[in-house]
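Accompanying notes for the structure given below.
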Amino acid sequence: MRRSLRFALVAASLVAGTAFASPTNPQNGVEYVTLAAPQPVQTVGKKVEVIEFFAYHCPACYALEAPLNEWAKKNADKVNFRRIHLPFQGANDPEAHLFLTLEAMGKEAELHPKILNAVHVQRVRLMKDDQIIDWVTKNGGVDKAKFMETWNSFGVVTKLRRLPQTGATYQVSGTPTLIVDGKYQTSPGQVAEKLKINDRNQIVQAHLQVLDALVAKAAATK
């Protein structure tokens, strides 16, 4: 009797573990976490804000880029997608400085894929100010004087100084990390760990399923 009870308890725990690890029905503390302090969003109406914290040099961000872009386009009617560059080198992070400068110039969307290709395919190092300025002005079709004016502008420098605090506010320590509706944080790494999967394509697809579920959860409260 005791042996049967023990086996029943083990089986029940396995079933419960499987139920909790589900990308289509993610659980708080498993496939995602709820931020201790919800953050204001930049959307109005029914759209749900989704932020990707990324870094140009991050291989996992590059692997996620195409599927995430496709997902964002498919859900454009209900999702407002934007990026924030996590400043790994602190308040003077050159890559984050580049991102903010191009964003201010209205060039970020145009040059984003080109920068990722340069870093991850061509193996161009863009980790220092001089490397970035040289590459952008030679390969980005950007006027150097205009770029430097924006690079050194008060608005861009102020945003750059605030980025470390922004990352801390969203409890982000690595990339890629996704924030849904200023409330829910998830990442491909977290989903892979909980679902015990190693295949990159499976990880990405599972993570997008988690995003779908979190967007639906957030939309239901609007």
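The values are calculated or read from the model by the stated rules, or taken from the named source; none is laboratory data. What you see is a predicted model, and the numbers here were worked out from it, not measured in a lab. No Cβ is skipped: glycine too gets one built from the backbone with ideal geometry, and neighbour counts run over all protein chains shown.
Conditions tested, residue by residue: (1) modelled with pLDDT under 95; (2) of a type in the set (Gly, Ala, Ser); (3) part of a strand (DSSP E or B).
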residue	(1), (2), (3)
Ser22	yes, yes, no
Val30	yes, no, no
Thr43	yes, no, no
Ala76	no, yes, no
Worksheet, complete the sentence: Within region 89-134, of all residues that are surrounded by fewer than 13 Cβ atoms within 10 Å (Cβ to Cβ) and of a type in the set (A, V, I, L, M), the one nearest to the chain's Cα centre (by Cα) is Ala109
Worksheet item: Among the residues of region 178-194, how many are in contact with a helix residue (DSSP H, G or I) (Cβ under 6 Å, 6 or more places away or on another chain), touching a residue at least 24 places away in the same chain (Cβ under 8 Å) and in a helix (DSSP H, G or I)?
Response: 2
Discussion item. Looking at region 43-59 only, could you name the residues that are surrounded by 15 or more Cβ atoms within 10 Å (Cβ to Cβ) and either over 23 Å from Leu160 (Cα atoms) or among the charged types (D, E, K, R) (or both)?
Written reply: Lys47, Val48, Glu49, Glu52
